[in-house]
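Structure, as structure tokens:
The values are calculated or read from the model by the stated rules, or taken from the named source; none is laboratory data. Just so it is clear, the model here is predicted, and its values are computed rather than measured. Every residue, glycine among them, receives a Cβ derived from its backbone with ideal geometry; neighbour counts consider all protein chains shown.
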Amino acid sequence: MAGKIATRGAYGKALVELAEKYPELVVLDADLSKATMTKDFAAAYPSRFFDCGIAECNMVGIAAGMSTTGLKPFVNTFAIFASGRAYEQVRNSVCYPHLNVKVVGSHGGISVGEDGATHQCTEDLALMRQIPGMVVVNPCDGNEMTQAVEALLNYDGPAYLRLGRPAVETFTDELEGYRFELGKGVTVAEGTDVTVAATGMMVNMARKARELLAGEGISVRILDIHTIKPLDEALILKAARETGAIVTSEEASVVGGLGGAVAELVSAKCPVPVVRHGVEDTFGRSGTANAVLEYYGLTPEKLAEKCREAVALKK
Amino acid sequence: MEKLYGKDLAIKANQARLLAVEAVHRASSGHPGGSLSCLDALTTLYFNEMRVDPQNPQWAERDRFVLSKGHCAPALYAVLALRGFFPVEELQLLRSIKAHLSGHPDMKYVPGVDMSTGSLGQGLSTAVGMALAAKHTGKTYRTYAICGDGEIQEGQIWEALMAAAKWKLDNLCAFIDVNGLQIDGNTADVMPTEPLDKKLEAFNWHVIKIDGHNYDQILSALAEARNTKGMPTAILMKTVKGKGVSYMENNAGWHGKAPNADEFAIAKAELEAKIKELEEN
């Protein structure tokens, strides 16, 4: 595949490509189809696309009702509205009855950029992860996203899927034997001194951080944790045992998301230092995506610093 | 099952009232007031209007029902039990840790419940989804819902109303149980919702106003809803909160309170007398 594509772009293409194979798939949007990239599906399959207007809570409820008849609804809006505004509808109307609804949050994280804090969702991974029975998926590139969409179509139950706004480099298609499997992390690179457990766009940044550290004699293992729930506990605990320290990295708050999940697991079952890299407990701000990522320290350089910190803590 | 009418519906509804109040009494918690106000409509739905099969609760072609005012689960559970979805004796385990009859309707565990509800304002959207799915897949089942007149203070209800009109869901029929009371008092004082008929008409719904305790009016409204094309129907039913139990009637205090033994004895005597009177006439 190589090249760059936003995960939202890969998602939009996947919906269209999978539509014939999965006739039960229906797509709902809340007046954001041009941004969430469901517009191509809407154009190709107008009778299977339902624009619910600017009313996210109702959209989630409609999807819940539709799912009880055997349809497979994917609801789409920005991450902040999917996981925030409609949180309680997701909890009570979808997850409590364990319905087959896929809640898709586009424009996750701070790389939304210019729109600023009201639209930059750093809490979605934590919010969704806490709901019993919810699956939480955050793919790192276009190839992983494409495979994740089909995996979710074949999973009968509620799930949250996060999409990103900016174009990101596609690299998982070049990993040997790569295949997306719900709940199974991917070892992107081997290493012995510290493990970076990353999710979403931070996985690729971890590859760059690994190169920076290689020159200093620090060997970094990289795990792509695309599924934050259910967490691949075996893979993470193995990394904790073998490398002795873990850095989590996510384009989300350090409170409660992947960092929270890994810290909870490792502290209970294999205590080693866990350093969390992400957005500190703060709101975002406007700027270009790159400027905002830099401002909040979501860079390979900052991640490398966190790795050094984790290695130092081992002593 | 043969459809019930008039007196037979009234007997069934009052049997359901007694079962619902007894279940709340045994549980020492629950919501009798609103359960009693909507029970005539609910009984009419399950014993006359709706195509359901208690032996096959998941039958794909069945008519759907969503109790959007989910706290009135005792009413729904009582009607489902009487209709044969599960044994009537199980009602006495309402809200018990020993059973699955949750305080609010639970589709995962209670046969016949089509949607889990309880958080007010959410049920109507799910009913819209069911009706929309029927249109999409060409199925002929109809979808019914009951909302509370306090519940419609939730903004999501109005989102759902707009959506149902957009997709011309003439296979959807929603009752609004206008009993005029909510936990904090009169609905007109807590947050006025009137003029409800004009509001719903402005949202492009077909609106029918009836007495929610008159079976002929309930049945003719349901027939009118079935014959209304191109738009969803709302049945605004004026009801008495606590209907059928003298001391509960029109008393907001009985919204979410269980009768004690003495109080239940009075309710039982009144409802049994009513049933006997109906049976003898």
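Worth pointing out:
- Exactly one residue among B:139, B:168, B:135 is basic (Lys, Arg), more than 23 Å from residue B:105 (Cα to Cα) and at the interface with chain A (Cβ under 9 Å from one of its Cβ atoms), and that residue is B:139.
- In segment B:4-17, the residues that are of a type outside the set (S, T, N, Q) reach residues that are part of a loop (DSSP other than H, G, I, E, B) with C-beta atoms within less than 8 angstrom, at least six apart or across chains, in these pairs: B:7/B:281; B:12/B:4; B:17/B:243; B:17/B:244; B:17/B:245.
- Any chance residue A:65 is buried (at least 24 other Cβ atoms within 10 Å of the Cβ), of a type in the set (Gly, Ala, Ser), within 14 Å of another protein chain (Cβ to nearest Cβ) and touching a helix residue (DSSP H, G or I) at 6+ places or on another chain (Cβ under 9 Å): yes
- Index of the failed condition, residue B:208 passing every other in (1) outside any helix (DSSP H, G or I); (2) within 14 Å of chain A (Cβ to nearest Cβ): (2)
- Matching entry among A:32, A:18, A:28 (being within 14 Å of chain B (Cβ to nearest Cβ) and either in contact (Cβ under 8 Å) with a residue 12 or more places away in the chain or hydrophobic (A, V, I, L, M, F, W, C) (or both)): A:28
- Residue identified as over 9 Å from the mean Cα position of the chain (by Cα) and more than 24 Å from residue B:151 (Cβ to Cβ) among B:26, B:17, B:64: B:26
- Exclusive hit being over 27 Å from residue A:53 (Cα atoms), buried (at least 16 other Cβ atoms within 10 Å of the Cβ) and touching a residue at least 12 places away in the same chain (Cβ under 8 Å), set B:206, B:255: B:255
- Of note, residue A:1 satisfies the criterion of being in contact with a helix residue (DSSP H, G or I) (Cβ under 9 Å, 6 or more places away or on another chain) and at pLDDT below 95.
- Only listed residue being in contact with a Pro (Cβ under 8 Å, 6 or more places away or on another chain) and either buried (at least 20 other Cβ atoms within 10 Å of the Cβ) or more than 26 Å from residue A:131 (Cα to Cα) (or both), chosen from A:245, A:291: A:245
- Meets criteria (of a type in the set (S, T, N, Q) and either more than 30 Å from residue B:59 (Cβ to Cβ) or in contact (Cβ under 8 Å) with a residue 60 or more places away in the chain (or both)) for residue A:69: no
- Within segment A:90-118, residues that are within 14 Å of chain B (Cβ to nearest Cβ) sit with their Cβ atoms under 6 Å from residues that are of a type in the set (Asp, Glu) and surrounded by fewer than 24 Cβ atoms within 10 Å (Cβ to Cβ), at 6+ positions apart or across chains, in these pairs: A:100/A:156.
- Verdict on residue A:84 being of a type outside the set (A, V, I, L, M, F, W, C), in contact with a Cys (Cβ under 6 Å, 6 or more places away or on another chain), more than 7 Å from chain B (Cβ to nearest Cβ) and under 23 Å from residue A:145 (Cα atoms): no
- Among the residues of segment A:42-97, those identified as β-branched (Val, Ile, Thr) and within 15 Å of residue A:160 (Cα to Cα) are A:60, A:75, A:77, A:80, A:90, A:94.
- The single condition among (1) assigned to a helix (DSSP H, G or I); (2) within 12 Å of another protein chain (Cβ to nearest Cβ); (3) of a type in the set (A, V, I, L, M, F, W, C) that residue A:43 does not satisfy is (2).
- The combined condition, being in contact with a helix residue (DSSP H, G or I) (Cβ under 9 Å, 6 or more places away or on another chain) and within 14 Å of chain A (Cβ to nearest Cβ), is fulfilled by residue B:102.
- Residue list for segment B:211-228, filter: buried (at least 16 other Cβ atoms within 10 Å of the Cβ), among the small types (Gly, Ala, Ser) and part of a helix (DSSP H, G or I): B:221, B:225
- Considering segment A:65-174, the qualifying strands (runs of 3 or more DSSP E), each wholly inside and each with 1 or more residues that are among the β-branched types (Val, Ile, Thr), run over A:72-78, A:102-106, A:135-137, A:167-169.
- Residue A:23 vs. criteria part of a loop (DSSP other than H, G, I, E, B) and either away from chain B (no Cβ under 14 Å) or out of contact with any His (no Cβ under 6 Å at 6 or more places or on another chain) (or both): yes
- Just one of the numbered conditions (1) in contact with a Ser or Thr (Cβ under 6 Å, 6 or more places away or on another chain); (2) in a loop (DSSP other than H, G, I, E, B) is not true of residue A:303: (2).
- Count - residues of segment A:136-148 that are out of contact with any helix residue (DSSP H, G or I) (no Cβ under 6 Å at 6 or more places or on another chain) and surrounded by fewer than 24 Cβ atoms within 10 Å (Cβ to Cβ): 1
- The one condition in (1) over 17 Å from residue B:116 (Cα atoms); (2) buried (at least 24 other Cβ atoms within 10 Å of the Cβ); (3) hydrophobic (A, V, I, L, M, F, W, C); (4) without any contact (Cβ under 8 Å) to a residue 60 or more places away in the chain that residue A:54 fails to fulfil: (2)
- Entirely in segment B:71-190, the helices (runs of 4 or more DSSP H) that have 2 or more residues that are surrounded by fewer than 19 Cβ atoms within 10 Å (Cβ to Cβ), at pLDDT 95 or above and not hydrophobic (A, V, I, L, M, F, W, C): B:123-137, B:155-166
- The set of residues from segment A:294-312 being acidic (Asp, Glu) and free of Cβ contacts under 8 Å to residues at least 12 places away in the same chain comprises A:294, A:305.
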